[in-house]
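Just below is one structure, and these are the notes that go with it.
The values are calculated or read from the model by the stated rules, or taken from the named source; none is laboratory data. Owing to the predicted nature of the structure, the values given are computational and were not obtained by experimental measurement. Heads up, the Cβs are rebuilt from the backbone with ideal geometry, glycines too, and the neighbour counts pull from every protein chain shown. To get the accessible areas, we keep the full protein, side chains included, count just its heavy atoms, and leave off ligands, DNA and RNA. Shrake-Rupley method; radii C 1.70, N 1.55, O 1.52, S 1.80 Å.
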Amino acid sequence: MERPAILGGTPVRDTFLVFGSPAIEESDIREVVACLRSGWLGTGPRVAQFERDFSRYKGATHAVAVSSCTAALHLSMVAVGLQPGDEVITTALTFCATCNAIAHAGATPVLVDVDPVTMNIDPVQIERSITSRTRAIVPVHFAGRACEMGLITELSSRHELRIIEDCAHAIETEHHGRKAGTFGDFGCFSFYVTKNVTAGEGGMVLTRSEEDAARLKVLALHGMSKDAWTRFGDEGYKHYRVVDGGFKYNMIDLVAAIGCEQLLRVEQNWLRREQIWQRYLEAFRDLPVVLPAAVEPGTRHAYHLFTILIDEARTGVSRDTFLEALAAENVGAGVHYPSLAEHPYYQDQYGWRPEDYREATQIGRQTVSLPLSVKLSDSDVDDVVCAVSRVLHGYE
Ligand SMILES: *Cc1c(COP(=O)(O)O)cnc(C)c1O
């Protein structure tokens, strides 16, 4: 095999393959233009449509569209009524937004390590971390793999804890016939650029209770009693009253226009990512890396991230050198995530230490996410396969 580009060979590709680039279709563009021409850009009919479409897709009773998953998480924490001193348990292997949302609601995040195989929060360790101050659990369906929701809901009812699911990776995820985001009191979704359904930015909260949904809507728009749609609609001027301590977290129609169109393709996109996933599994079978575990029976994986673990002792190359070598081949990759305990702010704030979350720390130091976007052509996928194999063989 040819020498890796980092060692002086010719790169696998001429152009850089951007990690997580979105697949935008003409119909997305048409809907955005139609929204612009309609003159209604703000929160209005397209947001309402997106909420209806999304709750139908998820089989949920209520959906509230917001500006991001971070906003969705924060609002859910506020709706739970967290008080200073309250503890909220989450996984050490997640994006910082999960943890920040807990902190912004005034509560204290408590980290739990992950299962090394599933990379999801370990229910046994959740139970050990429950104290008299624990109020909620925030499971993250990592990479799109369903958490052990049977055990987690059982823990939550036994200890009277609320569940807020971080479903940023888990739009298509299911666990024994039930869809991710419908187990907990709140399910929070992301439509950020790199996510399975994108609107550029955006989020959604699913909830079972009409009361919670109404409160979320008010909280998402300054705590005002009526949203701008009814206030500036064709029914004439309506007075509003500020009835809650709200935020500016509403989604706008310009964003929902993209979201509605993207959601129409969610299943066909899932099938395509499954195809790429299987191709990677097959192609990397004999490489000295750890591949994603098999999908647990009775669950549906959302195939959001295809992660491989690079253990320098086995590969002869460090994770970071591997990332550089892949970039030299013109293939972009991601890192999801360094353990939260690796970040200086959290270390200062909460005294977290990487060595206390051994599995998350090891995964965070070894993991690489390979491109899995439906934007990839078959030949792009071939390039990724070729680049990964060439880099690893280059260091044999
Ligand atoms: C992307 C992501 C978020 C934040 O989503 P935004 O819509 O960008 O706010 C939260 N949690 C996880 C696990 C994520 O991957």
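For this structure, a couple of remarks:
- Condition broken by LEU93, with the remaining ones in (1) away from the ligand (no atom under 13 Å from the Cβ); (2) part of a loop (DSSP other than H, G, I, E, B); (3) of a type outside the set (Lys, Arg) satisfied: (1)
- Residue match in segment 295-309 (condition: in contact (Cβ under 8 Å) with a residue 60 or more places away in the chain, open to solvent by less than 40 Å² (accessible area, probe 1.4 Å) and part of a helix (DSSP H, G or I)): no
- Within segment 344-363, the set of residues being open to solvent by less than 70 Å² (accessible area, probe 1.4 Å) and out of contact with any His (no Cβ under 9 Å at 6 or more places or on another chain) comprises TYR346, GLN347, TYR350, GLY351, PRO354, TYR357, GLU359, ALA360, THR361, ILE363.
- Among the candidates THR90, THR98, THR70, the residue that is under 24 Å from ALA168 (Cα atoms) and either modelled with pLDDT under 95 or touching a Gly at 6+ places or on another chain (Cβ under 8 Å) (or both) is uniquely THR70.
- Selection status of ALA101, over 23 Å from PHE247 (Cβ atoms), within 16 Å of the ligand (Cβ to nearest atom), among the aliphatic types (A, V, I, L, M) and surrounded by 15 or more Cβ atoms within 10 Å (Cβ to Cβ): no
- Residue within segment 188-208 that is buried (at least 19 other Cβ atoms within 10 Å of the Cβ) and away from the ligand (no atom under 16 Å from the Cβ) present: yes
- Output for segment 1-23, where each listed residue is β-branched (Val, Ile, Thr) and either in the same structural domain as ASP253 (by TED's automatic domain parsing) or touching a residue at least 40 places away in the same chain (Cβ under 8 Å) (or both): ILE6, VAL12, THR15, VAL18
- Candidates VAL88, VAL80 - the one that is more than 16 Å from the ligand (Cβ to nearest atom), closer than 25 Å to GLU148 by Cα, touching a residue at least 40 places away in the same chain (Cβ under 8 Å) and open to solvent by less than 20 Å² (accessible area, probe 1.4 Å): VAL80
- Selected residue (only one of THR173, THR90, THR70, THR153 is touching a helix residue (DSSP H, G or I) at 6+ places or on another chain (Cβ under 6 Å) and farther than 22 Å from TYR350 by Cα): THR173
- Unmet criterion (only one of (1) more than 25 Å from VAL78 (Cα to Cα); (2) within 16 Å of the ligand (Cβ to nearest atom); (3) open to solvent by 20 Å² or more (accessible area, probe 1.4 Å); (4) under 16 Å from the mean Cα position of the chain (by Cα)) for ILE258: (4)
- One residue from ILE126, ILE171 being more than 15 Å from the ligand (Cβ to nearest atom) and crowded, with 21+ Cβ neighbours inside 10 Å: ILE126
- Taken over segment 49-73, residues that are open to solvent by 20 Å² or more (accessible area, probe 1.4 Å) and among the hydrophobic types (A, V, I, L, M, F, W, C) amount to 1.
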